[in-house]
Amino acid sequence: ISGTILPVTLSIAVLGKDYTVYFGEKTVVLNKAKEQTSLTRFAVGDTVRFYGIVRQTDLSAIDADTIRDMDF
């Protein structure tokens, strides 16, 4: 994770493939209970779910609008 205040980027591995996920200022940050939280609670190794669109010009980059940490 590149920081604790939006916008940030995360390096995420999905099924052995690495992606760079971009989160803008309007990204919704949620915990496991779907309650809003902050990025300060995120830690390396946490399981996350993110929702967004793969960039057509770079198939390893994703523009996401929601991220959810499943470990808290």
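The values are calculated or read from the model by the stated rules, or taken from the named source; none is laboratory data. Quantities reported herein were computed from a predicted structural model and do not represent experimental measurements. Counting neighbours? That spans all protein chains shown, and the Cβs are built from the backbone with ideal geometry, glycine included. These accessible areas exclude ligands, DNA and RNA; they are computed on the full protein's heavy atoms, side chains included. Shrake-Rupley method; radii C 1.70, N 1.55, O 1.52, S 1.80 Å.
For the subset of segment 1-18 comprising residues that are over 8 Å from the mean Cα position of the chain (by Cα) and free of Cβ contacts under 8 Å to residues at least 24 places away in the same chain, which member is least open to solvent (accessible area, probe 1.4 Å)?
V14
If a residue must be aliphatic (A, V, I, L, M), over 16 Å from T9 (Cβ atoms) and surrounded by 12 or more Cβ atoms within 10 Å (Cβ to Cβ), how many such residues does segment 41-72 contain?
Final tally of qualifying residues: 0.
Among the residues of segment 24-40, how many are more than 15 Å from D69 (Cα to Cα) and either open to solvent by less than 50 Å² (accessible area, probe 1.4 Å) or part of a loop (DSSP other than H, G, I, E, B) (or both)?
1
Which one of these does V21 not meet: (1) of a type in the set (A, V, I, L, M, F, W, C); (2) free of Cβ contacts under 8 Å to residues at least 40 places away in the same chain; (3) crowded, with 17+ Cβ neighbours inside 10 Å?
(2)
Regarding segment 46-64, can at least one residue be identified that is in a loop (DSSP other than H, G, I, E, B), of a type in the set (D, E) and at pLDDT below 95?
Looking for residues that are in a loop (DSSP other than H, G, I, E, B), of a type in the set (D, E) and at pLDDT below 95, one finds at least one in segment 46-64, hence yes.
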